[in-house]
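Worksheet: the structure to be examined is printed underneath.
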Amino acid sequence: MQQELYHEIFGSILDRTEMTPYLLRNRQGYFDALGGTDLMLSNRGFELRGESLAEGELERGAAYVNRARDFILNWLIPALSRQFRDLSALESPRAERYREARETLERIGLLIGEGAFAELVAEDPRHLFLLSSSAKYPALFAGYPGGEITVPRQWKLAACALLKTCHLIKSVEEDSQDIHDYACFALHLTVRGFPLTNLWSLDWEDPALEPPGDEGHMAYMKVRSFFRKLGLSLVRDRERGCWVFDSGDGVRVDVEELKARLKSPESMFTKLGKDDEESSSSIRDILALTFIIRRREDSLTLFHALQKRGVILQENTRSASLTQTLFDSPRDMQGAVLELMRSLNRSAHVDQDPDPGAVREESERFFAALGANEDDNPHSSDRHRKIQCKISVSLPVRKDGPGGPVSQQTLPVELRISDRSSWEESEKRGAAHHEAYKFRQLAALADRLFKPLFRFGDKDLPGLREDQERLFG
């Protein structure tokens, strides 16, 4: 009894396996069970009037369920099915595994998208809680007005998957107002045809970029302020045919291309889905900024110049996120260290080339420091050639237009620096291809959402990477 009580209090928190709602315990039949789900929803931010949900709250719950179904049916499953189809066509030793996975996903889509289960969920979103708890509490549908219901095991598992997805969506759309603001801004841009993957090319003085209401407006103000600040250090040099980052003290770095993307709401759901705590605070790369430089040797110089210009600050950089896979060894890094030391000499008006011994010594230190944080993302690839870090950029935002009060805001940015050939290898080839990387993330998310109906986990990754090398080679 003591062990059972311990599990009832702590079990679901510690092992994430027993998530049967306590408030459905000892409920006597259908209408009593719905009262229990109303209390559960009130603990999740829904409003009660007396002992029942307030007017409009049931519709809000239904909107979450519809959003979850749309994410699963129109985004997650199609994206996975396409690559599973292409992988199975390779006829590798894992081809049958890919075909089975694709067929399983199609069955899950049919279960969630149509038929008696889908009709029951559409009738009342609270049915998801009853369905997911039906194994432990089999009498929850007793007295259901539509007649007797026998809940198949697959219905219970599908209901659990939808509830997990609803939780991811609610974490983005409500549990963190800051993240919600970025999601609304991303939706505003998408609806108006602005690409989320090419923000640097947008005219941030264009009033069409500004959301009409409050939702998404602060996110817009922060992103616009960031690009305005960045633009002070970048000029287009037509003769050189590139952007030039100017540190203001004589250091100039040729930038072939600057990529900037805003994370879409669907990508936010995926990001939360791979985090054990599923906390929206784990999204620290709302804006990804990539500098494609002409010379790999300028990478450390650019990183230092960004700090000198105040675009980023050392104290705002998450040290655990600072890493590099651009260089293979201290010797390989010597050219970049030499260029950095030369740029520092120019800034200090020192007309002397660095000592070769000092360059070797500093290269050892740089390589050890930038390689100290091993990438803990199992879906990434060691072929992603870049220097990267996550930063919280401090920005002044004037809330009410010219003359209005200024407040300090922060924008979470993932900064990446690479040269053209290295970036091409990172994003467009083999297992490091962006579509290959995204697929591994989505497969892991599907494994968490649909298990045990669908399983594609860690043991499948080595073979998957091998086949993705061929598929995207």
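Roughly speaking, what is the stretch gain from GLN352 to ARG44, that is 0.36 nm per residue apart minus the C-alpha to C-alpha distance, in nm to one decimal? Please report the intermediate quantities before stating the final value.
Working: separation 308, 0.36 × 308 = 110.88 nm, distance 6.48 nm.
Gain on extension, GLN352 to ARG44, equals 104.4 nm.
Only Cα pairs under 8 Å and at least 6 apart count here; give the relative contact order of the chain as a rounded whole percent. Show your work: numbers first, answer last.
Working: 664 pairs, mean separation 66.5, N = 473.
Computed over the chain, the figure is 14 percent.
Just to confirm the number: angle between the C-alpha axis of helix 356-370 and the first principal axis of the chain, 0 to 90 degrees, nearest 10?
Taking the Cα atoms of the chain, the angle to 356-370 is about 10 degrees.
Calculate one ³J(HN,Hα) per residue across segment 31-45 by plugging θ = phi - 60° into the Karplus curve 6.51 cos²θ - 1.76 cosθ + 1.60, and present them in order as whole Hz with x for glycine and proline.
Karplus-based 3J(HN,Hα) across segment 31-45 equals 5, 5, 5, 4, x, x, 5, 4, 5, 4, 5, 5, 6, 10, x Hz.
So, in Å, what gap is there between the alpha-carbon centers of segment 110-175 and segment 387-438?
If we compute the Cα centre of each part, the gap is 39 Å.
Sorted by mean Cβ packing within 10 Å, highest first, what order do the peptides 65-75, 410-420, 89-99 take?
Values: 65-75: 18.5, 410-420: 20.5, 89-99: 14.6.
Packing order, densest peptide first, comes out as 410-420, 65-75, 89-99.
Expressed as an acute angle from 0 to 90° and rounded to the nearest 10, what is the orientation of the C-alpha long axis of helix 153-170 relative to the principal long axis of the chain?
Its long axis makes an angle of about 40 degrees.
I'd like to know which of THR37, ALA116, ILE391 lies farthest towards the positive end of the charge dipole of the chain, counting +1 on Cβ of Lys and Arg and -1 on Cβ of Asp and Glu.
After comparing all options, I get ILE391.
Does anyone have the angle between helix 330-347 and the longest principal axis of the chain? Alpha-carbon axes, 0 to 90°, nearest 10?
That helix lies at roughly 60 degrees to the long axis.
Could you pull out the trypsin sites (Lys or Arg not before Pro) across segment 143-173 that fall in loop regions by DSSP (anything but H, G, I, E, B) with no more than 10 other Cβ atoms inside 10 Å?
none
Take every Cα pair under 8 Å in segment 2-173 that's 6+ residues apart, average their separations, divide by the length, and report that relative contact order as a whole percent.
Relative CO of segment 2-173 lands at 27 percent.
Which length gain, in nm to one decimal place, applies between GLU239 and ARG82 when the Cα-Cα distance is subtracted from 0.36 nm times their residue separation? If you can, show how the numbers build up before the last one.
Values: separation 157, 0.36 × 157 = 56.52 nm, distance 4.38 nm.
The span from GLU239 to ARG82 would gain 52.1 nm if fully extended.
Pairs LYS263/LYS308; LYS259/LYS451; LYS164/LYS263; LYS136/LYS438: which exceed 25 Å Cα-Cα?
Going by Cα-Cα distance, LYS263/LYS308; LYS259/LYS451; LYS136/LYS438 fall outside the 25 Å limit.
Given the Cα-Cα distance of LYS451 and ALA118 and 0.36 nm per residue of separation, how much length would full extension add, in nm?
118.0 nm
Computed from the coordinates by the stated procedures, all read-outs in this text should not be read as laboratory data. Predicted model, so just to flag it, every value in this text is computed and none were measured. Quick reminder, even Gly has a Cβ in these numbers, built from the backbone with ideal geometry, and neighbours come from all protein chains shown.
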